[in-house]
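The values are calculated or read from the model by the stated rules, or taken from the named source; none is laboratory data. Keep in mind it's a predicted model, so treat the numbers as computed, not measured. Here the Cβ is made from the backbone with ideal geometry for all residues, glycine too, and neighbour counts use every protein chain on show.
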Number of protein chains: 2
Amino acid sequence: MAERVDTVAILGLGLIGGSLARALRANGFCRRVIGYGHREPSLRRGVELGVIDDFTLDLDEVISQADILVICTPTLVAAEVLAAILPRLQGLARAPVITDAASVKGSLYRAAKAACDGSFPPGLVLGHPIAGSERSGVEASKADLYENHRVILTPVAENDSEAVELVRDMWLATGAEVVEMEVEQHDAVLAATSHLPHVLAYALVDALARSDSSEEIFRCAAGGFRDFTRIASSDPVMWRDIAIANRSALLDAIDLFSEHLGQLREAVAAEDSEGMHATFTRAKAARDDFAAILAQRGQGKQG
Amino acid sequence: MAERVDTVAILGLGLIGGSLARALRANGFCRRVIGYGHREPSLRRGVELGVIDDFTLDLDEVISQADILVICTPTLVAAEVLAAILPRLQGLARAPVITDAASVKGSLYRAAKAACDGSFPPGLVLGHPIAGSERSGVEASKADLYENHRVILTPVAENDSEAVELVRDMWLATGAEVVEMEVEQHDAVLAATSHLPHVLAYALVDALARSDSSEEIFRCAAGGFRDFTRIASSDPVMWRDIAIANRSALLDAIDLFSEHLGQLREAVAAEDSEGMHATFTRAKAARDDFAAILAQRGQGKQG
């Protein structure tokens, strides 16, 4: 089977970029995958591990060679990378399609427009694979990371439809399910399902760690607490950057949550047995439905 | 090896009581384990499954036969059971040692004093095994549920020291690690590590389920959200009762958390990069330490 494109370039060869590279090579989507970045040792390691075919440290070279250029850096860095790349595309006879894997889309949408004098570049297709791991780095990358996972694309009216199609095909080749959303909707949904839970877990663990009984608290905590706080072991720099990039949607999500927690607090204080039971029962039903969805997708072995 | 006592009676033969019965029979702590309750079919099932040796539906009979009587009912029921049992012990030549496995200790301490005209019964040793499962019922019981798990006893000044020793030995026989705490400390620690996380998970899932974007939210949530919300699949009746029984400590825990969340919200709103980073970093360090503690105890395979 012929490859869909010749060259895919990965900018930022960590878990996300490395896993995409492995999947594309394994599935024959392109003839070759090249890496680009500032750190030669990790790119060289990528070649040694068989994650990429080759690499370059030269941005103009990667732009001239790539058919698709995937920015797999952390969120705030992705905005800087876009600001460096987009001006170089203007006037090129043949520009690569650009896409990304960052956790926030609104901040990149604004960064792209700012880099192009207020007009959004038609060949930039913003995206976000909903997959990850507590582990990080190219050593942790694996070809099946995206299998049965969702990738959200947030195309806009200015987009070239062929560019959108190409990015969609790339992610489909990794075994992912591709869905489309508006930029604002993506950021609100991710704030709710991911950014808010991280903030809650960090706030809880920090509050307990700083309390007088912290030693007894952590000594007596068990499995439920372990699962609930697992995401507080995530990278602080990455999550600080996400909180900054998605500030507005995250604040909305925190406020929505605080309102509901306040209502539940009142029910506890008033010993409102029916009110508590109604909330807990609705939540259990929604959580059980969600676990069933994940199980259907083959992601829900742990319930 | 001779048994430590002749008869242990389990009141409430579910996951917790059934697992204790299995462990005591497996480890030869007593000659026999009997069940007591109102529902004959589930007690009969317990005999069929080999969980208990025998059962009775008569409270006076179980009191006269047992050396140790373990109340393994849900929290609010345990208070009612205590109120029924304690008055019957007065004047008995030989009364069994009573203990329990409920999640809240202060409410049972008060119930016991109320049932004994204001004085705490010396033979009642309040306790709480920190173990459980999403599964429930005697069918889910297993002999190794308590191995390497903590059991908290909350003896008080009024307690007979031999009664405390006997209850301690019973739990040690299951492979558990036994620690002692004051009643108030137990309830504060459990509010922090278990009751508050359940309330937060229920509040989050209910808030998202009732939002306009709930369909997209649950469709796009992934592994981190699954772990974070797993405890929202717990039994609503059990958790409503725990919230009622531990109302005061739970309200304190909610308020402590809300204060910290409010501070973190201000850091996000102010784009206070250093403040967020400091909080996330402290939390990650505390969570990583906690995961290491669990791993040492053989409970932490999942990090």
Is there a residue in segment A:203-212 that is in contact with a Phe, Trp or Tyr (Cβ under 9 Å, 6 or more places away or on another chain) and in contact (Cβ under 8 Å) with a residue 60 or more places away in the chain?
no
Of the residues in segment B:259-298, those that are facing chain A (nearest Cβ under 7 Å), touching a Ser or Thr at 6+ places or on another chain (Cβ under 8 Å) and either over 20 Å from B:L204 (Cβ atoms) or of a type in the set (G, A, S) (or both) number 5
Residue list for segment A:206-220, filter: within 30 Å of the chain's Cα centre (by Cα) and farther than 14 Å from B:Q263 by Cα:
A:L208, A:A209
Return the pair list, or none, for Cβ contacts closer than 7 Å from residues in segment B:152-175 that are part of a helix (DSSP H, G or I) to residues that are among the small types (G, A, S), at least 6 apart or on different chains.
B:A163/B:G123; B:V167/B:G127
At positive phi and either touching a strand residue (DSSP E or B) at 6+ places or on another chain (Cβ under 9 Å) or of a type in the set (D, E, K, R) (or both): does that describe B:N148?
yes
Which residues, counting only those in segment B:73-97, are on the phi < 0 side of the Ramachandran plot, not in a helix (DSSP H, G or I) and not polar (S, T, N, Q)?
B:P74, B:L92, B:A93, B:R94, B:A95, B:P96, B:V97
Can you find, within segment A:173-215, the residue that is farthest from the other protein chains (Cβ to nearest Cβ) among those that are out of contact with any Lys or Arg (no Cβ under 7 Å at 6 or more places or on another chain) and among the β-branched types (V, I, T)?
A:T174
Anything in segment A:235-283 that is under 27 Å from the mean Cα position of the chain (by Cα) and outside the structural domain of A:P197 (by TED's automatic domain parsing)? List them, or say none.
A:A283
Filter segment A:249-258 for residues that are more than 7 Å from every other protein chain (Cβ to nearest Cβ) and in contact (Cβ under 8 Å) with a residue 40 or more places away in the chain; the one that is surrounded by the most Cβ atoms within 10 Å (Cβ to Cβ) is A:A253
For segment B:221-234, pairs from a residue that is in contact (Cβ under 8 Å) with a residue 60 or more places away in the chain and outside the structural domain of B:R135 (by TED's automatic domain parsing) to a residue that is assigned to a helix (DSSP H, G or I) and surrounded by fewer than 24 Cβ atoms within 10 Å (Cβ to Cβ), with Cβ under 6 Å and 6 or more apart or across chains, are B:R230/A:D227; B:S233/A:K284; B:S233/A:D288
Within the bounds of segment A:194-206, is there any residue that is surrounded by fewer than 24 Cβ atoms within 10 Å (Cβ to Cβ) and charged (D, E, K, R)?
no
Give the residue that is nearest to the other protein chains (Cβ to nearest Cβ), with candidates limited to residues of segment A:225-248 that are touching a Pro at 6+ places or on another chain (Cβ under 8 Å) and surrounded by fewer than 20 Cβ atoms within 10 Å (Cβ to Cβ).
A:V237
Can you tell me which residue among B:P87, B:P129, B:P96 is in contact with a Leu (Cβ under 9 Å, 6 or more places away or on another chain) and more than 26 Å from B:S234 (Cα to Cα)?
B:P96
Of all residues in segment A:122-140, which are in a loop (DSSP other than H, G, I, E, B), over 13 Å from the mean Cα position of the chain (by Cα) and at pLDDT 95 or above?
A:P122, A:G123
Looking at (1) in a loop (DSSP other than H, G, I, E, B); (2) away from chain B (no Cβ under 14 Å), can you tell me which one A:Y146 breaks?
(2)
Residue count, segment B:56-72 (criterion: part of a strand (DSSP E or B) and surrounded by fewer than 24 Cβ atoms within 10 Å (Cβ to Cβ))
1
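So which of B:V81, B:V97, B:V104 ends up being under 16 Å from B:R168 (Cα atoms) and either of a type outside the set (K, R) or in contact (Cβ under 8 Å) with a residue 60 or more places away in the chain (or both)? Steps first, answer last, please.
Values: B:V81 fails: under 16 Å from B:R168 (Cα atoms); B:V104 fails: under 16 Å from B:R168 (Cα atoms).
Sole residue among the options that is under 16 Å from B:R168 (Cα atoms) and either of a type outside the set (K, R) or in contact (Cβ under 8 Å) with a residue 60 or more places away in the chain (or both): B:V97.
Of the residues B:G127, B:G46, which single one is assigned by TED's automatic domain parsing to the domain that holds B:A157, buried (at least 20 other Cβ atoms within 10 Å of the Cβ) and in contact (Cβ under 8 Å) with a residue 60 or more places away in the chain?
Checking each option against the conditions leaves just B:G46.
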The helices (runs of 4 or more DSSP H) lying entirely within segment A:197-303 that contain at least 3 residues which are farther than 30 Å from A:G106 by Cα and of a type in the set (A, V, I, L, M) are A:247-269, A:273-296
Filter segment A:212-236 down to the residues that are out of contact with any helix residue (DSSP H, G or I) (no Cβ under 7 Å at 6 or more places or on another chain) and of a type outside the set (D, E, K, R) and list them by number.
A:A222, A:G223
